[in-house]
Structures are given as C-alpha cells and as structure tokens.
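In what follows, a structure is listed as structure tokens, so that the remarks can point back to it.
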Amino acid sequence: MHLNLPLLDLLPCYSTDEELCLDSGYNTTNVSPSDPSPPSPWDDEVVDWTSLSFELNRLLEESTPVDIEDNISLSLPDQSFLTSEDATVLLTAQDPATQDDLKRLTIVIVGPNNNVALPILNCMDVGGSGILYIFRPVIPGIYTVTICHDATQPIRGCPLRIRFSRNYQPSIRRILTWNISDMEQSSGLRNPWGICYNTKTEQLWVADRVNHTLIVYQPDGSLDFIIGQFGAGPGEFFRPVGLAYDVHSDRIFVSDKDNHRIQILNAKDGSFLGAFGRRGHLAGQFLYPWGIAISPDGSTVAVADTRNHRIQFFDAAGTYLREFRVGGNWKEHKSVFNYPRGLAFNLTGEVLFVSDFNLHQVNQLRFTDAKLTLLPFIPPGILYRPSGLQVDEAGNLIVADTRNNVLRVFTPTGILIRTITTIHGPLYANANTSLSAPTDVAILPKTGFIAALDNDGRITVF
C-alpha cells in the first residue's frame, strides 16, 4: 500500500466533497473553476488557480504553525488495504531544496484501539523524492495518520483515515489451540457447538450440547467458569447450541435447543435474567431453535427456528415482532429454509445472512421499507452442511463449512476470497491444525484474531 501525500503543488479545491480532494486552504465560496484568480492566502500574491506551488521551507521558516494550518490541508478518501503487509506513507516536496525541511515534520500512526501509536519500522530518504515511512498494521479497522509541524502542531486536514481490512491471503498461523475435553476431564466436557465473544471482557463463551453446559474461557484459554446443568429450569439447559453477545445490554442469548426456548444471561457471571419461547408452531414458539444474531443497534434478536423452517424476530426483551418463511405448507417451507442454522447481520443491520444446513447454501434477508426480501447469496455447489456465520470488520462473511472441514470467506457481494483448511503451528512447533467439521466461528476484534470451534472439541485462535 502506498500513499503519496504531496505537501506542495496543491491545486485549489472546488469540490464540496472533502473526502475526494486535496484542499489548498482557499476559501472557495462563490468561486467557480473558470475564475482565473481565486483569492490568495497571502495578500501580496496572486496565484493562478491551475498551479499553486510554494516552497515548503518558506512555510516552515516564515510562517507560524497557525499559518500552516490555514494554508495546507491534506485529506484522502477512505481506502481499503490489508493487514500484515508493509504500508508506506511518502511525504514529498516539489522543490528538492526543501527535502531537509521534510525531516522537520513528524508522523504519528494510531491503530483502531485509539490509544497505541504504531512504531515506524523504517524511515528513509528516497533520493530527493521525499521521505518514506514504513509501518505494518496488524488489527483490522480504521488507522489515523497525523503529520505534525514541530512535533506538536498537526497540519490542517489531519488525521488522515485509512481502513485496513483483515488479510486472509498469507499463511494462516495459529496463536492458541486447546482441546476442551483434555482440559476439563474432571467435568467430562465434550462436543461443543456454539461460540461467541464478549467484547468487553474478551471472554470466549462455548455451548456444550452434550453436557448441557456453557463454558467460559479467558483469552489465554484458561477456564473461567462453567454455567448450567441438564434440566428445564432457569439457567438449566437441554442441548444448548447457539450463542450471541449483546454489547448494548451486556447479556448473553442462548439457544436452549431441546427446551425450545431462548435464555438470557448476565454476561458478567452467567446469572439467569429471563427466557422466551416454548415448543410449538405458533408465533413466538420454537421447534429446535439454533442460531441467534443480534442487530448492530441491539434492537432486534433473530432466531433460526430450525424445524419450523423459518426465521423469527424479537425485540431486545424477547417480545415477538415478525417471522419470515415462504409458502403455506411444510413442503413449501422446506424448499426455502430446510433446517436454517447460522445467522449473522451485516455491518449496517440491513441484511441477515442465513445458512441452510440441508440445502447447502446461504441466503440473505434484506430489510427494505419494513419488508423482508429473500435473495440468494451463496448458491448450492460450494458448501456442504454450512453452520455458523460471522461478519468481519470489512463486511466479509465467514462460513463454517462443516462437512467440508473448512472455513470459507466471502466478500459482501458473495465472491469467495479464501478457503481455510489448515492452520499452521507456531514457528517453533511442527504441529498444524486441520479443521475437523468446524461448527462455529467468532471474531476477536481487539486482537484481530479469529476463533474457530470444531466438532473435535477444539478452539483454535488464529
């Protein structure tokens, strides 16, 4: 990735879109591009609008920092680049005589966490063409680049905003792998199915459908606590499978599958807060609910009502809102949703992705003018028994392609960009992790990692 930020030869900007121009600092109100001489930032100069070039050393030597802010503005549109690759910022000067003055500028790059400045890996003079700064983003998200005069005064137009997307192209290396069965032999935990991530505490929650419990882990893989037992009472489970974390209310939603209900727990300690639903075919009732997704604004809870072959929607308190299914009989219902499982909202909440376990496809439900429209997203022929879904920071969809033993990554428009089959071990170890029937996936945004849960009882963070 290469950004060329010219500090000189800046044309006056007549565009009203600040994200699409380099602003020279002119007040362009009521000035058209046909005007040959817009007002100059200096009273004693008139500069043709087609060519504005001032020596950088004049700005540095004869102007105060306020003058620099008034007369130089740099902006770039949001662009998408990849993490784990060297990124460069090039500061240039029109006049080679001003190259030394470029060294008096400083550059600060801050990552998405907004509190840690990235180290500059290298800084070099590129033969009179400018000064090249090299850094390497790791965590996906928005990075800010600030150019300062005298180390403290940002020039106007800063910070620049650059979006870095998750890089699925390099060799995927695992950071941590642990086997739930091996770690918790005393509890006999096995066959986990659903996973979610608490973005506040960085805990991983896992649903074990065989032992009817929820397991909560710290980011390093150490056990934090275990919730529940077999039963139908509050805080008890009968084959829990789906999990979703609501950051707005700090609650965990659990698909208590064979109890045909959704339970709501306090994310701090797992205490029971409430439940909704019971076995049946009517509105608000379930027949083996599976996946759960919460809209980005926290207002809507979507549930895959698997054997009713429909998707139901509730508000944050569990009150029924609506449902989506096609046709008036079971045969017609199953032709569209035949055991829907995984759910995931896109970044805006305008689209709900739905994986279909028996039809081997992913559909999308679009919310338009209070209506739901069903559209294909990943047609049959690519996936085999897809389960868990997750949307990353760039809107890409990650699919747990269970019976193909892989994870697949699709762009927001449905283009396959990566198939992940093997996660390589650390450099000091030879052991690699081949995914075995992955059932669910979670994104760890604070670290930039992904956690994959497979049917062998392993959680692999990479």
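Evaluate the stretch 269-277: report whether one residue or more is modelled with pLDDT of 95 or more, within 25 Å of the chain's Cα centre (by Cα) and among the aliphatic types (A, V, I, L, M).
The answer is no, given that none of the residues of the stretch 269-277 is modelled with pLDDT of 95 or more, within 25 Å of the chain's Cα centre (by Cα) and among the aliphatic types (A, V, I, L, M).
What about N358, is it assigned by TED's automatic domain parsing to the domain that holds L453 and part of a loop (DSSP other than H, G, I, E, B)?
yes
Look at R251 and say whether it is of a type in the set (K, R) and over 28 Å from the mean Cα position of the chain (by Cα).
It is false that R251 is of a type in the set (K, R) and over 28 Å from the mean Cα position of the chain (by Cα).
Among the residues of the stretch 207-224, which ones are in contact (Cβ under 8 Å) with a residue 40 or more places away in the chain, assigned to a loop (DSSP other than H, G, I, E, B) and over 19 Å from G242 (Cα atoms)?
Initial filter on the stretch 207-224 (in contact (Cβ under 8 Å) with a residue 40 or more places away in the chain): 207, 209, 214, 216-217, 219-221, 223.
Now restrict to residues that are assigned to a loop (DSSP other than H, G, I, E, B): 209, 219-221.
Answer for the stretch 207-224, where residues must be in contact (Cβ under 8 Å) with a residue 40 or more places away in the chain, assigned to a loop (DSSP other than H, G, I, E, B) and over 19 Å from G242 (Cα atoms): P219, D220, G221.
Looking at the stretch 248-271 only, could you name the residues that are in contact with an Asp or Glu (Cβ under 9 Å, 6 or more places away or on another chain) and under 20 Å from D208 (Cα atoms)?
Of everything in the stretch 248-271, those that are in contact with an Asp or Glu (Cβ under 9 Å, 6 or more places away or on another chain) and under 20 Å from D208 (Cα atoms) turn out to be I252, F253, D256, N259, I262, Q263, I264, N266, A267, K268.
Matching residues to (1) crowded, with 19+ Cβ neighbours inside 10 Å; (2) assigned by TED's automatic domain parsing to the domain that holds V206; (3) not hydroxyl-bearing (S, T, Y):
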| position | (1), (2), (3) |
| --- | --- |
| L265 | yes, yes, yes |
| K268 | no, yes, yes |
| F272 | no, yes, yes |
| Q285 | no, yes, yes |
| P289 | yes, yes, yes |
| A293 | yes, yes, yes |
| D297 | no, yes, yes |
| T300 | yes, yes, no |
| D305 | yes, yes, yes |
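Residues I142, I162: which one is within 30 Å of the chain's Cα centre (by Cα), in a strand (DSSP E or B) and at pLDDT 80 or above? Talk me through it step by step, then tell me what you get.
On the way: I162 fails: at pLDDT 80 or above.
So the residue among I142, I162 that is within 30 Å of the chain's Cα centre (by Cα), in a strand (DSSP E or B) and at pLDDT 80 or above is I142.
Residues being in contact with an Asp or Glu (Cβ under 8 Å, 6 or more places away or on another chain) and on the phi < 0 side of the Ramachandran plot: count how many of those fall in the stretch 328-346.
Qualifying residue count for the region: 5.
Pick out the one residue from A267, A302 that is in contact (Cβ under 8 Å) with a residue 60 or more places away in the chain and not charged (D, E, K, R).
Unique residue meeting the criteria: A267.
Could you please find all residues in the stretch 372-404 being touching a residue at least 40 places away in the same chain (Cβ under 8 Å) and part of a loop (DSSP other than H, G, I, E, B)?
Listed by number, the residues that qualify are D392, E393, A394, G395, N396.
Residues being under 16 Å from T413 (Cβ atoms), surrounded by 13 or more Cβ atoms within 10 Å (Cβ to Cβ) and touching a Gly at 6+ places or on another chain (Cβ under 9 Å): count how many of those fall in the stretch 362-378.
Of the stretch 362-378, the ones under 16 Å from T413 (Cβ atoms) are 362-364, 366, 375-378.
If we keep only those that are surrounded by 13 or more Cβ atoms within 10 Å (Cβ to Cβ) as well, we get 362-364, 366, 377-378.
Those left that are additionally touching a Gly at 6+ places or on another chain (Cβ under 9 Å): 362, 364, 377-378.
Within the stretch 362-378, residues that are under 16 Å from T413 (Cβ atoms), surrounded by 13 or more Cβ atoms within 10 Å (Cβ to Cβ) and touching a Gly at 6+ places or on another chain (Cβ under 9 Å) number 4.
Just give me the residues in the stretch 334-350 being buried (at least 20 other Cβ atoms within 10 Å of the Cβ) and closer than 20 Å to L407 by Cβ, in sequence order. Outline the logic, then answer.
Let us first name the residues in the stretch 334-350 that are buried (at least 20 other Cβ atoms within 10 Å of the Cβ), namely 337, 340-345.
Once the filter is applied, which keeps residues that are buried (at least 20 other Cβ atoms within 10 Å of the Cβ) and closer than 20 Å to L407 by Cβ, the stretch 334-350 yields P340, R341, G342, L343, A344, F345.
If I go through the stretch 254-263 residue by residue, how many of them are in a strand (DSSP E or B) and buried (at least 23 other Cβ atoms within 10 Å of the Cβ)? Before the answer, list the steps.
The first filter runs over the stretch 254-263 and keeps only residues in a strand (DSSP E or B), leaving 254-256, 261-263.
Cutting the leftovers down to buried (at least 23 other Cβ atoms within 10 Å of the Cβ) gives us 254-256, 262-263.
Selection size over the stretch 254-263: 5.
Criterion first (modelled with pLDDT of 95 or more, among the polar types (S, T, N, Q) and out of contact with any strand residue (DSSP E or B) (no Cβ under 7 Å at 6 or more places or on another chain)) does S255 satisfy it?
no
Test G298 against the criterion of being part of a loop (DSSP other than H, G, I, E, B), under 24 Å from D256 (Cα atoms) and not aliphatic (A, V, I, L, M), and give yes or no.
Considered against the rule, which asks whether it is part of a loop (DSSP other than H, G, I, E, B), under 24 Å from D256 (Cα atoms) and not aliphatic (A, V, I, L, M), G298 comes out as yes.
Tell me, please, whether a residue that is over 30 Å from W205 (Cβ atoms), β-branched (V, I, T), modelled with pLDDT of 75 or more and in a loop (DSSP other than H, G, I, E, B) can be found in the stretch 112-121.
So far as the stretch 112-121 goes, yes, one or more of its residues are over 30 Å from W205 (Cβ atoms), β-branched (V, I, T), modelled with pLDDT of 75 or more and in a loop (DSSP other than H, G, I, E, B).
Is there any pair with a first residue in the stretch 324-349 that is in a helix (DSSP H, G or I) and a second that is of a type in the set (D, E, K, R) whose Cβ atoms are under 6 Å apart and which are 6 or more apart or on different chains, and what are they?
If the second residue must be of a type in the set (D, E, K, R), the pairs left are H333/R325.
The values are calculated or read from the model by the stated rules, or taken from the named source; none is laboratory data. Because the structure is predicted, anything quoted here is derived from the model rather than measured. Every residue, glycine among them, receives a Cβ derived from its backbone with ideal geometry; neighbour counts consider all protein chains shown.
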